[in-house]
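In what follows, a structure is listed as structure tokens, so that the remarks can point back to it.
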Amino acid sequence: MLDANERLQAYYQELRQHHLGPLWNSIGRLMTEEPTPRAQAYLWRWQDVYRYVMESGDLVTPDRGGERRVVFFMNPGFESLEPWGWGALTNTLYAGIQLLKPGEKAPSHRHNQNAIRFIIQGSGAATIVEGERVVMEPGDFLITPAGLWHDHVHSGSEPMLWLDSLDVPMLYQLGVMFFERYPQFNQPVTKPDSYTTKRYTASGLRPLQDRRSSYAPQAVFKWQRTRNALDQLSLLEPDPYDGFAVEYINPVTGAAAGITIGAMMQKLPPGHHTLAHRHVHSTIYHVFRGQGNSVINGIRFSWRQGDTFVVPNWAWHEHAASGGEDAYLFSTNDQPVMEKLGLEREEPYPAGQQTVEGEFSG
Ligand code: 1HN
């Protein structure tokens with residue numbers, strides 16, 4: 001005769017064999033009281049990333065098949081979840097550093113993931129998005145909305161490096177990926193140079209035919225304009241948690257320009273130290289200029305130009321600039337998704353700022 005416990009264990013085993021599960025002893029793991037993301041707070045130093053990206057320039061070309069020469073970030077918390085976890089910094093967001101060398105081109109394709117790009121260094125390269133040739137310069141923010149043909153060309157003389165961020169992990173988990181190659185290597189350019197920038201020279205004024213645009217009718221947000229906006233804003237009062245910060249939005253609707261991907265640029269003057277908070281959405285930061293640190297769940301992550309770091313969902317975080325110059329943090333986030341799904345929440349840190357309990361060392 002089996003005793004009660006043995007009977008129960010045998011029952012669980014049988015359930016398992018039939019691909020069934022008992023909710024009564026799984027609920028604690030399925031339903032956590034608060035978010036417990038697999039994503040870890042992590043930081044990649046530019047020194048390492050730059051070395052490996054440049055080395056990839058000697059090893060591979062962005063040909064048809066490989067499509068893009070990118071070294072992407074792998075959050076240690078997702079790495080084992082092949083294959084989608086490879087490219088996941090958070091449950092929803094992917095990011096990587098792309099290299100295009102002078103004279104190179106990357107083939108045209110389209111997919112139902114949304115992409116944004118933030119230009120790090122170089123000049124002379126352009127991305128062609130649905131017939132528009134969009135010139136890329138450091139500090140520029142570009143969008144490639146889902147469904148649009150896009151390819152890259154480079155007629156300049158120095159290597160071009162930029163950060164890509166896409167909603168790849170989210171679409172993978174939803175099981176809804178589509179990807180298609182353009183019949184030719186590059187698509188033809190059919191629009192005048194800087195077409196969308198010329199159409200949006202003043203905020204608050206919308207070309208009439210853009211009323212019905214299904215995506216942001218502005219392909220690039222130039223660094224000069226972003227910096228001017230932040231310079232003006234920093235004469236006024238800062239946001240308590242993000243310093244002087246602007247979001248990249250669709251000028252027609254006010255929603256995130258990247259559709260599912262929120263993005264912003266924040267300026268922290270020397271010595272500026274924000275308050276701490278946490279929110280449901282996750283964030284990827286890229287240090288565009290300057291140096292400082294962010295305290296994430298009590299651990300201090302020191303950063304300098306070129307570093308990339310991730311703040312997982314529901315992690316306490318605050319930022320501080322050090323050194324003698326303004327720090328500029330570019331970031332992408334999944335706030336638009338959380339808001340659309342009614343999941344967004346935010347909490348201020350009760351004590352204002354965290355006590356530092358340790359230093360991130362990689
Ligand atoms: C993609 O299309 C690009 O167009 C970059 O530059 C990175 C990562 C995953 C899927 C598509 C690009 C990508 C990507």
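Read-outs throughout are calculated quantities, based only on the coordinates presented, and are distinct from any laboratory measurement. This is a predicted model, so every value here is computed, not measured. Ideal geometry is used to build each Cβ from the backbone, glycine not excepted, and the neighbour counts take in all protein chains shown.
What the table below lists for this structure:
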item: Filter result for GLY298 (over 17 Å from the mean Cα position of the chain (by Cα), touching a residue at least 24 places away in the same chain (Cβ under 8 Å) and at positive phi); result: yes
item: Unmet criterion (only one of (1) crowded, with 18+ Cβ neighbours inside 10 Å; (2) in a loop (DSSP other than H, G, I, E, B); (3) within 15 Å of the ligand (Cβ to nearest atom)) for ASN75; result: (3)
item: Selection from segment 321-343 of residues that are buried (at least 19 other Cβ atoms within 10 Å of the Cβ), more than 20 Å from PHE118 (Cα to Cα) and of a type in the set (Gly, Ala, Ser); result: ALA321
item: Qualifying helices (runs of 4 or more DSSP H) (wholly inside segment 149-258; at least 3 residues being over 20 Å from the mean Cα position of the chain (by Cα), within 22 Å of ALA95 (Cβ to Cβ) and within 16 Å of the ligand (Cβ to nearest atom)); result: none
item: Conditions (1) outside any loop (DSSP other than H, G, I, E, B); (2) more than 26 Å from TYR285 (Cα to Cα); (3) of a type outside the set (Ser, Thr, Tyr); number of the one not met by ASP63; result: (1)
item: First in segment 87-114 and closer than 29 Å to GLU158 by Cα and of a type in the set (Lys, Arg), second anywhere and part of a strand (DSSP E or B) and more than 7 Å from the ligand (Cβ to nearest atom), Cβ under 6 Å, 6 or more apart; result: LYS105/VAL153; ARG110/GLU180
item: Pair list, Cβ < 9 Å and 6+ apart or interchain, from segment 149-172 residues that are within 23 Å of HIS286 (Cα to Cα) to residues that are of a type in the set (D, E, K, R) and within 10 Å of the ligand (Cβ to nearest atom); result: HIS152/ARG68; TRP162/ARG117; LEU163/ARG117; ASP164/ARG68; ASP164/ARG117; SER165/ARG117
item: Residues being closer than 26 Å to TYR52 by Cα and within 10 Å of the ligand (Cβ to nearest atom) - total across segment 117-141; result: 2
item: Residues satisfying the stated conditions in segment 80-130, i.e. of a type in the set (Gly, Ala, Ser), in a strand (DSSP E or B) and more than 13 Å from the chain's Cα centre (by Cα); result: ALA106, SER108, ALA125, ALA126
item: Output for segment 329-350, where each listed residue is assigned to a loop (DSSP other than H, G, I, E, B), in contact (Cβ under 8 Å) with a residue 24 or more places away in the chain and more than 30 Å from TRP223 (Cβ to Cβ); result: LEU343, ARG345, TYR349
item: Hey, TYR200 among the hydroxyl-bearing types (Ser, Thr, Tyr), surrounded by 16 or more Cβ atoms within 10 Å (Cβ to Cβ) and under 27 Å from MET265 (Cβ atoms) or not; result: yes
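Results for (1) in contact (Cβ under 8 Å) with a residue 60 or more places away in the chain; (2) within 32 Å of the chain's Cα centre (by Cα); (3) not in a helix (DSSP H, G or I), shown as yes or no for each residue.
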| residue | (1), (2), (3) |
| --- | --- |
| MET1 | no, no, yes |
| LEU20 | no, no, yes |
| TRP24 | no, no, no |
| THR36 | no, yes, yes |
